[in-house]
Amino acid sequence: MSGPPQPIVVAVLGDLTTQDVDVVVNAANSSLLGGGGVDGAIHAAAGPALLAECRELRRTRLPDGLPVGDAVATGAGELRARWVVHTVGPNRHAGQAEPALLASCFTRSLDVAADLGARSVAFPAVSAGVYGWAADDVARVAVAAVRAWCAAHGGSSVAEVRFVLFSPPLLAAFEAQLGS
């Protein structure tokens, strides 16, 4: 007798903002008001509705910003996705080098996506790049966190988790962890 089906977990080379999924995860900063990298690309592609929702979150539920490792959802504006789940990755340059904080970005994002009833979730390499985490470290922590979450939440709505990487070296790091 087998349990509920496990979500498919894959890594692809691509543009996170063009993914046809229910949830796109944004590697946000705690202000939720846009920034560079993935955050800037998502805000630019989503249009002004996303920034308006983020401002409202800051005004009402998150006056001090979103804490590192946590996640919150908004609509997706003009993206193909239905929702954006924002998560704040740890900044290694600021001394935030705890793998558990990074893992929390992935598990909390999946918690929020499952609460929304999402079937498909697309992640970037949270904290890689300007936040100073090495691609191999992000891939190792992300894949382990997602696999553990999937094993513990096999009956959730989430059927696919897609890591969408913008460069061949990032893709290679995630494929190595996935055993692809």
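Residues in region 139-174 that are assigned to a strand (DSSP E or B) and among the polar types (S, T, N, Q): how many?
Total satisfying the criteria: 0.
Limited to region 61-80, what total is found for residues that are outside any strand (DSSP E or B) and buried (at least 20 other Cβ atoms within 10 Å of the Cβ)? Lay out the reasoning, then the answer.
Start the filter on region 61-80 by keeping residues that are outside any strand (DSSP E or B), which leaves 61-70, 76-80.
Imposing the further condition that a residue be buried (at least 20 other Cβ atoms within 10 Å of the Cβ) reduces the set to 66, 68-69, 76, 79.
Adding up the residues that qualify gives 5.
Quick one: Gly95 ticks every box in (1) closer than 17 Å to Ser30 by Cβ; (2) touching a Ser or Thr at 6+ places or on another chain (Cβ under 7 Å); (3) surrounded by fewer than 20 Cβ atoms within 10 Å (Cβ to Cβ) except a single one, so which number is it?
Every condition holds for Gly95 apart from (2).
From the list Thr87, Thr107, which one is among the β-branched types (Val, Ile, Thr) and not in a helix (DSSP H, G or I)?
Only one candidate qualifies: Thr87.
Checking Glu56 against (1) modelled with pLDDT under 95; (2) assigned to a helix (DSSP H, G or I): exactly one of these is not met. Which one?
With respect to (1) modelled with pLDDT under 95; (2) assigned to a helix (DSSP H, G or I), Glu56 is out only on (1).
What's the number of the only condition in (1) in contact with a helix residue (DSSP H, G or I) (Cβ under 6 Å, 6 or more places away or on another chain); (2) farther than 20 Å from Asn26 by Cβ; (3) modelled with pLDDT of 95 or more that Ser156 fails to meet?
(3)
Please find, within region 113-138, the residue that is surrounded by the most Cβ atoms within 10 Å (Cβ to Cβ) out of those that are part of a helix (DSSP H, G or I) and without any contact (Cβ under 8 Å) to a residue 60 or more places away in the chain. If you could, list the steps in order and put the result at the bottom.
The initial filter retains those residues of region 113-138 that are part of a helix (DSSP H, G or I), namely 113-116, 135-138.
Keeping just the survivors that are without any contact (Cβ under 8 Å) to a residue 60 or more places away in the chain gives 114-115, 135-138.
On the way: Ala114: 18, Asp115: 12, Ala135: 19, Asp136: 16, Asp137: 17, Val138: 28.
Only one residue fits best here, namely Val138.
Failed condition for Asp39, given (1) buried (at least 17 other Cβ atoms within 10 Å of the Cβ); (2) touching a residue at least 24 places away in the same chain (Cβ under 8 Å); (3) out of contact with any Cys (no Cβ under 6 Å at 6 or more places or on another chain), with all others met?
It fails just one condition, (2).
Restricting the search to region 25-67, which residues are touching a His at 6+ places or on another chain (Cβ under 8 Å), among the aliphatic types (A, V, I, L, M) and over 19 Å from Ser104 (Cβ atoms)?
Leu50, Leu51
List every residue pair whose Cβ atoms lie under 9 Å apart, where the two residues are 6 or more positions apart in sequence or sit on different chains, the first residue falls within region 48-71 and is closer than 25 Å to Tyr131 by Cα, and the second residue, located anywhere, is at pLDDT 95 or above and among the basic types (Lys, Arg).
As it stands, the answer is Asp64/Arg58; Gly65/Arg58; Leu66/Arg58; Gly69/Arg108; Asp70/Arg108; Ala71/Arg108, since those pairs meet every condition given.
Would you be able to say whether some residue in region 43-59 is among the aliphatic types (A, V, I, L, M) and under 14 Å from the mean Cα position of the chain (by Cα)? Spell out the reasoning first.
Taking region 43-59 first, the residues among the aliphatic types (A, V, I, L, M) are 44-46, 49-52, 57.
Filter once more, so that each one left must be under 14 Å from the mean Cα position of the chain (by Cα): none.
No, the conditions are met nowhere in region 43-59.
The values are calculated or read from the model by the stated rules, or taken from the named source; none is laboratory data. Since the structure is predicted, the reported quantities are computational estimates derived from the model, not experimental observations. Backbone-built Cβ (ideal geometry, glycine too); neighbour counts: all protein chains shown.
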